[in-house]
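Written out below as structure tokens is the structure these notes cover.
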Amino acid sequence: MERDVDTGSAHSARIYDYIIGGTDHYPADREAGDAMVREWPALPVHMRANREFMNRAVRHLAEQAGIRQFLDIGTGIPTFPNIHEIAQSVSPDARVVYVDNDPLVLRLSRGLLNGTPEGRTSYIEADMRDPASILEAPGLRETLDLTRPVALLVIAIVHFMTDKDDAVGIVRRLLEPLPSGSHLAMSIGTAEFAPDEVGRVAREYAARGMPMRLRTLAEAAEFFTGLEVVEPGIVQVHQWHPDGSGTEVIRDADIAMYGVVGRKP
């Protein structure tokens, strides 16, 4: 049974959608987004750079690493280009499983299921905090072949997981059944480059029931213990394989997210 969308409370995915110029949000999300941008005017630049990192990482994984299967955790509201559109533009037979626990994303998931005839896309409603609900979902096993490499994407989500959630342990659990040659791509929130501004944004999130756990470089590296980190390593998202397509001038102080890709030996 489809859950109702709570339109009276702000939601992180809808705030993100609002700030990057999307259309699927409600007054509570717009109020929250406006408050956050007042605290840190660079927030839209930061959020767009995060999305562009994800797009570049997917293209790199498809083109350079030959990955044909993707598992996207915390998909958020569909935004062109979606992961399957990028991956299938490289290889039409690419397969993608999207995972989210926001009922609005479920309602909009038709936009995530319009892939190529050769490929396949599916959507699972599940919470990252319960990795078994993802790994045991029929939609996962029906779409992905876990004897072949998979790219696990965890983009802009672990900063909403506090220490009691054990984000590192959850990511490792999700990686565990994936074979050698699989990859992990993450963007990880940090306050190391604009601590005052990011701290104020974090307080706005916390005031709306969304506490944040921002991580240092060393803490971000913990997710990749045992993996072969792809060059250039753990860097701010705008510095990971820039392709020159962006039109914005981005300062380091405008970005509060590390981007990193690692390969499972």
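The values are calculated or read from the model by the stated rules, or taken from the named source; none is laboratory data. Keep in mind that what you see is a predicted model, and the values were worked out from it rather than measured. Positions of Cβ are generated from backbone atoms using ideal geometry, with glycine treated the same way; all protein chains shown enter the neighbour counts.
Would you please list the contacts, defined by Cβ atoms under 6 Å and residues six or more apart or on different chains, that run from a residue in the stretch 129-146 that is over 23 Å from residue 67 (Cβ atoms) to a residue that is at pLDDT 95 or above and surrounded by fewer than 16 Cβ atoms within 10 Å (Cβ to Cβ)?
Pairs that qualify, where the first residue is over 23 Å from residue 67 (Cβ atoms) and the partner is at pLDDT 95 or above and surrounded by fewer than 16 Cβ atoms within 10 Å (Cβ to Cβ), are 129/165.
Got a sec? Which of 182, 187, 245 is within 22 Å of residue 52 (Cα to Cα) and surrounded by fewer than 17 Cβ atoms within 10 Å (Cβ to Cβ)?
Working: 182 fails: surrounded by fewer than 17 Cβ atoms within 10 Å (Cβ to Cβ); 187 fails: surrounded by fewer than 17 Cβ atoms within 10 Å (Cβ to Cβ).
It is 245.
I'm told residue 95 meets every condition in (1) without any contact (Cβ under 8 Å) to a residue 12 or more places away in the chain; (2) over 26 Å from residue 235 (Cα atoms); (3) of a type outside the set (Gly, Ala, Ser) except one. Can you identify the failing condition by its number?
(1)
Being under 14 Å from residue 190 (Cα atoms) and among the hydrophobic types (A, V, I, L, M, F, W, C) is the filter here; which residues of the stretch 235-265 pass it?
Within the stretch 235-265, 235, 237, 253, 255, 256, 257, 260 meet the criteria.
Under 7 Å between Cβ atoms, which residue pairs at least 6 apart in sequence (or on different chains) link something in the stretch 43-61 that is touching a residue at least 12 places away in the same chain (Cβ under 8 Å) with a partner that is of a type in the set (Gly, Ala, Ser) and part of a helix (DSSP H, G or I)?
58/87
Somewhere in the stretch 150-164, is a residue closer than 21 Å to residue 261 by Cα and out of contact with any strand residue (DSSP E or B) (no Cβ under 7 Å at 6 or more places or on another chain)? Break it down stepwise before answering.
Residues of the stretch 150-164 closer than 21 Å to residue 261 by Cα: 150-161.
Filter once more, so that each one left must be out of contact with any strand residue (DSSP E or B) (no Cβ under 7 Å at 6 or more places or on another chain): 160-161.
Yes, the stretch 150-164 contains at least one residue that is closer than 21 Å to residue 261 by Cα and out of contact with any strand residue (DSSP E or B) (no Cβ under 7 Å at 6 or more places or on another chain).
Residues that are more than 20 Å from the chain's Cα centre (by Cα), surrounded by fewer than 20 Cβ atoms within 10 Å (Cβ to Cβ) and of a type in the set (Val, Ile, Thr), at least 2 per element: which helices (runs of 4 or more DSSP H) completely within the stretch 80-166 meet that? Write out each step before concluding.
Details: elements: 83-90, 103-107, 131-135, 138-143.
In the stretch 80-166, no matching helices (runs of 4 or more DSSP H) lie anywhere.
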